[in-house]
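Trainee: Dumping the structure here so I can ask a few things about it.
Please treat every number below as a calculation from the coordinates, not as lab data. Computed from a prediction, not measured in an experiment: that's the story for all the values here. We place every Cβ from the backbone using ideal geometry, glycine too, and count neighbours over all the protein chains shown.
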């Protein structure tokens, strides 16, 4: 279907890959993985023609329809959400207009020969319109928008009235509505809640028949969709047959085999070089020495790939809090709307969060999960009821908005130093390094950082302090899989209390032992892990 053969690509002095080959096969779902900056997005752009390879060949049938969802939404204005979604099918929309014009023309008197010609054109246009899915385009667009959380009430809202995250959903809806032969998806779950992720997962498995090439930091999503992994790393591309978990195991097996081969070769080289050094001056051994020198020159040296940098962090032992961490009594929140109306987010929430509990707050998008966490963290006031912290509770709060209040002109080092004013320079440098800002990287200014890097800075400022109650709103957003795993392991070992919102199901399954569900303004408590919640709430 799409073949990249012996591709080489370089950005400036950085070599991304050399003589790399990969294939996208009909109906096959493939995960694209590799460290940040390795060239995953470049693979997408090579396929779509946005970039050209330095060397090699890219072949693709002209009839192959390609849909590409990236993290760059572009300008959206002047249309409703539904119109914007349908605009991706510009040719179909143009055909629909042409058909309408021909129908108007046929309603007027005309010579028989002109009518015959018009009828023939009309039949061809209708056939092409049907072939491209024109008759169910609006139904398809509405179905996709609803699945991604934009319901009938919002179909006709101006697209510019949506926030950046919701515009990303509309951009994704446009690509899915096309229903192309090949879907290129760059982090499609980034701005989705669990319900939308589940819908997308099911749509890709059941409704979509084409090929998929995707990146995703959501391990459960990746495992449920793909049957093949393509790894971009160490200036090459490697294909693995299997899902993401299989890839991790197989990659480690291959690494161990390579390491064993490398050690054997090093031992052999050491023996040969020792022989050459001992007998180089002896005339009687000259022929043997020369033979071994030539042998060594011909040997292809095994190179070990560099270790991938990953975030490394362990919590210091937090101060112990009382057994009752936070008491909730009749807690409620109501927002006053622009038209003067009121919307009750939740009400009558009572309960107790106890020491060392790790609690997930779940619910559909807009249910009030983030609002609930803000009230617990003291960032907004409840409309009714009370939140009472227990003895010795030190609260740390992480949210996506935390990144917005970072001072863009400060360096990473200065930002971390502000929350640890008494720590020495070495301690702060080590902490920066643990969150992937080693050496000079710690001197980067905040405005220069990507979303993932800013997220790591906020986590560094939060997790470095002696806190025993962590309130985390989507802490894994913008983190790659390796960083998510490191954070997960650190939180599992954390001896304090955690309450969080996350749409990463692997993260929730591996961490939480209690679940709070907000549903239509009511809070339900589940005294078990995430799988227990899924079973009981099914």
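Trainee: Once every Cα of segment 228-383 carries one equal point scatterer and solvent is ignored, give the base-10 log of I(q)/I(0) from the Debye formula at q = 0.16, 0.17 Å⁻¹, two decimals.
Mentor: Values returned for q = 0.16, 0.17 Å⁻¹ are -1.01, -1.05.
Trainee: For a quick check: sort 335, 199 by the number of other beta carbons within 10 angstrom, fewest at the front. Walk me through the numbers before you get to the answer.
Mentor: Values: 335 12, 199 17.
Lowest to highest Cβ neighbour count: 335, 199.
Trainee: Counting only Cα atoms, I'd like the Rg/Rh figure for segment 199-256, Kirkwood definition for Rh.
Mentor: Details: Rg = 12.6 Å, Rh = 12.5 Å.
Using Cα coordinates only, the ratio equals 1.01.
Trainee: May I ask for the distance between the Cα centers of segment 1-63 and segment 153-213, given as a whole number of Å?
Mentor: Segment 1-63 and segment 153-213 have Cα centres spaced 23 Å from each other.
Trainee: Give me the log10 of I(q) over I(0) for segment 184-226 at q = 0.24, 0.35 Å⁻¹, as the Debye formula computes it from C-alpha points; what are the numbers?
Mentor: -0.84, -1.54
Trainee: Oh, and also: Going by how many other Cβ atoms sit within 10 Å of their own, how do 404, 245 line up, fewest first? The partial results should precede the final answer.
Mentor: Working: 404 8, 245 12.
Taking fewest neighbouring Cβ atoms as first place, the list is 404, 245.
Trainee: Given axes a ≥ b ≥ c from the Cα gyration tensor, I'd like to know whether segment 302-373 is rounded (a/c under 1.5), prolate (a/b larger than b/c) or oblate. Present the calculation step by step, with values, prior to reporting the outcome.
Mentor: Working: a/c = 4.14, a/b = 1.68, b/c = 2.46.
It is oblate, given that a/c is not under 1.5 and a/b is not larger than b/c.
Trainee: Binned at 5 Å from 0, what are the whole-percent values of the Cα-Cα distance distribution for segment 252-298, short to long?
Mentor: 5, 22, 22, 17, 11, 9, 7, 4, 2, 0
Trainee: While we're here: Could you tell me the relative contact order of the chain? Use alpha-carbon pairs under 8 Å, at least six residues apart, and round to a whole percent.
Mentor: On the way: 899 pairs, mean separation 77.9, N = 538.
Value for the chain: 14 percent.
Trainee: Under the rule of -39500 (n - 2.57) per DSSP H run of 4 or more residues, summed and divided by the residues of the chain, what mean residue ellipticity at 222 nm is obtained, to the nearest 500 deg cm²/dmol? Don't skip to the answer; put the middle values down first.
Mentor: Details: 17 runs with 211 residues, N = 538.
After summing the helix terms and dividing by the residues of the chain, the value is -12500 deg cm²/dmol.
Trainee: Rounded to two decimals, what is Rg over Rh for segment 324-537 when you use alpha-carbon atoms and the Kirkwood radius? List each step's numbers first, then the result.
Mentor: On the way: Rg = 18.1 Å, Rh = 18.3 Å.
Ratio of gyration radius to Kirkwood radius: 0.99.
Trainee: When 510, 261 are ordered from fewest to most other Cβ atoms inside 10 Å of their Cβ, what list results? Could the numbers behind the result be given before it?
Mentor: Details: 510 16, 261 12.
Taking fewest neighbouring Cβ atoms as first place, the list is 261, 510.
Trainee: Quick check on packing: order 421-431, 110-120 by the mean number of other C-beta atoms within 10 Å, highest mean leading.
Mentor: Values: 421-431: 12.5, 110-120: 10.9.
Output ranking for 421-431, 110-120: 421-431, 110-120.
Trainee: Quick one: Cα centre-to-centre distance for segment 436-458 and segment 324-393, in angstrom?
Mentor: Result: 32 Å between the Cα centres.
Trainee: In terms of the Cα gyration tensor, with a ≥ b ≥ c the square roots of its eigenvalues, is segment 310-421 rounded because a/c is under 1.5, prolate because a/b exceeds b/c, or oblate? Numbers along the way, then the final one.
Mentor: Numbers: a/c = 2.25, a/b = 1.32, b/c = 1.71.
Oblate, because a/c is 1.5 or more while a/b does not exceed b/c.
Trainee: May I ask for the Rg/Rh ratio of segment 16-106, computed from Cα atoms with Rh as the Kirkwood radius, given to two decimals? Intermediate results must be reported in sequence, preceding the final value.
Mentor: Details: Rg = 18.6 Å, Rh = 17.0 Å.
Radius of gyration relative to Kirkwood radius: 1.10.
Trainee: Along each of its three principal axes, how wide is the spread of alpha-carbon positions in the chain, in whole angstrom units, largest first?
Mentor: Projected onto the principal axes, the Cα atoms of the chain cover 109, 81, 46 Å.
Trainee: Of the beta bridges DSSP finds with both residues in the chain, what % are antiparallel, to the nearest 5? Can you show the working numbers first?
Mentor: Values: 39 of 71 bridges.
Antiparallel: roughly 55 percent of the beta bridges in the chain.
Trainee: Rounded to a whole number of µm²/s, how large is the Stokes-Einstein D of segment 143-245 at 20 °C and 1.002 mPa s, given Rh as the Kirkwood radius over C-alpha pairs? Intermediate results must be reported in sequence, preceding the final value.
Mentor: Working: Rh = 14.8 Å.
Rounded, D is 145 µm²/s.
Trainee: Right, next: Report Rg(Cα)/(2.2 N^0.38 Å) for segment 1-61, keeping two decimals. Could you put the intermediate results ahead of the total?
Mentor: Numbers: Rg = 11.4 Å, N = 61, 2.2 N^0.38 = 10.5 Å.
Its radius of gyration relative to the 2.2 N^0.38 Å reference: 1.08.
Trainee: In whole percent, what relative contact order does segment 324-537 give with Cα contacts below 8 Å and a gap of six or more residues?
Mentor: Values: 387 pairs, mean separation 59.9, N = 214.
Result for segment 324-537 is 28 percent.
Trainee: If you average 1/r over all unlike Cα pairs in segment 276-330 and invert the result, what Kirkwood radius do you get in angstrom? Walk me through the intermediate numbers first.
Mentor: Values: mean 1/r = 0.0540 Å⁻¹.
About 18.5 Å for segment 276-330.
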